[in-house]
Structure formats: C-alpha cells, structure tokens
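Worksheet: the structure to be examined is printed underneath.
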Amino acid sequence: MKEIPIKKYIRYLFGLAALAFILNKMYIRPWILKQELPEVLQVITYSIPNLIEAIIGTLILTGILLQGRQYFREKLGSIRDISIHLLAVSLTAIYVLSQELKWHNIGGNNVYDPYDIMASIIGLIGTFGVIQLFGFVEKEKLG
C-alpha cells in the first residue's frame, strides 16, 4: 500500500507538540511551580497537556482515517477530506472530553478542571482549522 504524502508542516506540528509536552512536563511546569509567579501561568502549564493531546490525537486519527480510505478505496474512496477531518476531530473530542469529564480513566489520573476542557476545545478547533486551511496531504503532481 502506498504511503500518503503528509505535508511537512503536519510533521513539524506533531514533533513540536510532542517536544512542548515533554518540556512542559519535565522542565517548565516544575520551574513555574517553584517560583512565585502569577496563577495564570500555573493554569496554563497544567492545561498544556490537554491542548497537546487534542492536537496530537486529531493529527494521528486524521492520518489513520486517510490511510484507511486509501486502503479501502473501492468502498471508502468517495469520502471527502472534510468528512475525514470532521470524523477525526470528533473522535478525538469524544476521547479527550470524556476523559476530562471522568467518564473513563484511560489517560491516567485526571482531576476535573474547566481550564483543561477549554484547552482541549482550543486544541481541537485550532487543529481542525489549520488542517482545513493548509491541508493534510500533499496534492499529487499531475503528469
């Protein structure tokens, strides 16, 4: 099966999100918690993982769904990109928001926080908007 040609910016976005998650968890959050900084910075550092989870989840599911459409071309080939993108962000939203609302504990110990829900929604909408605006897959060159 032919690999889908994912745009470079998607790969960079994924890598930067993963790096931001690691830096936040290992360095930024502990440093901010030790300092006497404004509470808003603490809220942001606690909510960044939710934002990143929404971004990475949407990107991964979009890639999986696009690959699935290509693999099952005869049955799923007519599904438009927008439908794939909406399905990916919807499935990601179900996972990240239901986790925040404590409907499941798949992601580990979670404490309900409205800021985490806002961060998740920002990540979902932002990622969907970026994918819609710039695309996810390189258009194949004709000829």
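The values are calculated or read from the model by the stated rules, or taken from the named source; none is laboratory data. From a predicted model like this one, the values you see are computed outputs, not experimental measurements. Note: ideal-geometry Cβ built from the backbone for every residue, glycine included; neighbour counts use all protein chains shown. Note: accessible area is taken over every heavy atom of the protein model, side chains too, but ligands, DNA and RNA are not part of it. Shrake-Rupley method; radii C 1.70, N 1.55, O 1.52, S 1.80 Å.
Just give me the residues in the stretch 118-140 being among the aliphatic types (A, V, I, L, M), open to solvent by 30 Å² or more (accessible area, probe 1.4 Å) and at pLDDT 95 or above, in sequence order. Lay out the reasoning, then the answer.
Filtering the stretch 118-140 down to residues among the aliphatic types (A, V, I, L, M) leaves 118-119, 121-122, 124-125, 130-131, 133, 137.
Still in the list and also open to solvent by 30 Å² or more (accessible area, probe 1.4 Å): 118, 121-122, 125, 130, 133, 137.
Of everything in the stretch 118-140, those that are among the aliphatic types (A, V, I, L, M), open to solvent by 30 Å² or more (accessible area, probe 1.4 Å) and at pLDDT 95 or above turn out to be M118, I121, I122, I125, V130, L133.
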_Please go through (1) modelled with pLDDT under 90; (2) more than 17 Å from the chain's Cα centre (by Cα); (3) not in a helix (DSSP H, G or I) for I106 and return the number of the only condition it doesn't satisfy._
(2)
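Which residue, of V96, V40, is among the β-branched types (V, I, T), farther than 22 Å from E138 by Cα, assigned to a helix (DSSP H, G or I) and open to solvent by 80 Å² or more (accessible area, probe 1.4 Å)? Outline the logic, then answer.
Details: V96 fails: open to solvent by 80 Å² or more (accessible area, probe 1.4 Å).
Sole residue among the options that is among the β-branched types (V, I, T), farther than 22 Å from E138 by Cα, assigned to a helix (DSSP H, G or I) and open to solvent by 80 Å² or more (accessible area, probe 1.4 Å): V40.
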_Being more than 19 Å from R11 (Cα to Cα), among the polar types (S, T, N, Q) and loosely packed, with under 13 Cβ neighbours inside 10 Å: is that true of S47 here?_
no
*Which condition does A88 not pass, out of (1) hydrophobic (A, V, I, L, M, F, W, C); (2) open to solvent by less than 40 Å² (accessible area, probe 1.4 Å); (3) within 15 Å of V130 (Cβ to Cβ); (4) in contact with a Gly (Cβ under 7 Å, 6 or more places away or on another chain), if it passes all the others?*
(4)
*Looking only at the stretch 43-86, count how many residues are over 23 Å from I121 (Cα atoms) and not hydroxyl-bearing (S, T, Y).*
12
*Select from the stretch 56-83 the residues that are farther than 20 Å from E138 by Cβ and among the charged types (D, E, K, R) and write down the one among them that is most open to solvent (accessible area, probe 1.4 Å).*
E74
